[in-house]
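**Q** Sending over a structure as structure tokens; questions will come in a sec.
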Amino acid sequence: MPTPRPFIAVPTLLLCLVMAACGKDDAGGRQQETPTVTTARLQPVRWSDELTALGTAKARESVDITASVTQTVASVDFDSGQFVKRGQGLVTLTQREQSAGVAEAQASLRDAEQLYERNSRLADQQLIARSELETQRTALEAARARVAVQRATVADRVIRAPFDGVLGLRLVSAGTLVTPGTPITTLDDVSLIKLDFTFPESSLSQLAAGQRINARSDAWPGERFEGAITTIDSRVDPATRAVMVRAEIPNPDGKLRPGMLLEVGVERASRETLAIPELALQQSGTNASVFRVETGNKVKQVPVKIGARRRGEVEILSGLKAGDRIVVDGTVKIRDGSTIRDVTEGAETAQADEN
């Protein structure tokens, strides 16, 4: 049997050697690659932000107009949505019986006045006793009181506006029988809006009467309504651990209406703090960290405590200091201890200063 030729395995061996060499080159190439990033050096900035909440608008003054007696409506003297002045008549109830009572009381008053005048002259002439004159004076005062009572019953039949404001929908017509509590319309003074909202008790130290607020409504996109906090409730709700806050917003054009839901922003005093681009923040659950650039362009992942946020920025409460250089863009390509190549404009100068 002929001996196998040894050179048949040479091509296979050469192929393995070539592949191994290529693998080493690829591995070496990957090891030589240095991730490129952009960085930023931290400097203190002025930070001003808002505490936000949802609030419900209320009128400066608001009341449901109702009758105080049982009677038929004689006339309705207003239109829905009308602006009225204080004391303006809105509804007149039937008052024939009451008007007759006033006339009767006035007639009795005239008789009492005439009798008192006659007895007064007789008393001056000492023709009657002074005690009889005092009795007649008491009767005169009683007659005057009866007239006042009858006039009050007539006044009760005219329902008037208790303050300046805008009326709601008319709910009665002439001939309607109303009783105490029957709704006739609503009256709201909307020249100024009261806005009630709540904050957690942890925000109490950041709230004070006089603080400026901004309110926003879905009904008026892009528009802000400015006002100020007037009152902070004296109690914290033990169930929700929240405190009620009231602000007032001028409303001269009447755009805001009672019952509207408004988003409220309470301006906090500006402060000096450290802030980083939101892109630089690494967040895992409740833990936050950033990559800080160390000597030799190596990075160290350091935990940080974050505060408030605003568009594109995050406040840093602890973990970094002014002058630290952090990685902003390219964080997905690095890990703790990686060496980076900084392509930020002016990075060479910054690196020379560090060295």
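The values are calculated or read from the model by the stated rules, or taken from the named source; none is laboratory data. All figures in this text were calculated on a predicted structure; none of them were measured in a lab. Cβ: placed from backbone, ideal geometry, glycine included. Neighbour counts: every protein chain shown.
**Q** Residue by residue through segment 38-57, note down the ones that are touching a Gly at 6+ places or on another chain (Cβ under 7 Å), modelled with pLDDT under 90 and charged (D, E, K, R).
**A** 50
**Q** Having 3 or more residues that are modelled with pLDDT under 90 and within 21 Å of residue 37 (Cα to Cα) is the bar; report the strands (runs of 3 or more DSSP E) wholly within segment 256-335 that clear it.
**A** none
**Q** Among the residues of segment 256-296, what is the count of those that are closer than 15 Å to residue 331 by Cβ and either touching a Phe, Trp or Tyr at 6+ places or on another chain (Cβ under 8 Å) or crowded, with 16+ Cβ neighbours inside 10 Å (or both)?
**A** So the answer is 10.
**Q** Continuing with this model, one more query. Just the residues that are over 23 Å from the mean Cα position of the chain (by Cα), closer than 30 Å to residue 219 by Cβ and among the polar types (S, T, N, Q), please, taken from segment 47-99.
**A** Answer for segment 47-99, where residues must be over 23 Å from the mean Cα position of the chain (by Cα), closer than 30 Å to residue 219 by Cβ and among the polar types (S, T, N, Q): 66, 80, 82, 88.
**Q** Moving on to the next point. So if I check each of 163, 197, which one is within 60 Å of the chain's Cα centre (by Cα), crowded, with 18+ Cβ neighbours inside 10 Å and not acidic (Asp, Glu)? Walk me through how you get there before you give the answer.
**A** Values: 163 fails: crowded, with 18+ Cβ neighbours inside 10 Å.
Just a single option satisfies the conditions, and that option is 197.
**Q** Can you say whether residue 326 is in contact (Cβ under 8 Å) with a residue 24 or more places away in the chain and either small (Gly, Ala, Ser) or touching a helix residue (DSSP H, G or I) at 6+ places or on another chain (Cβ under 9 Å) (or both), as far as the supplied structure shows?
**A** yes
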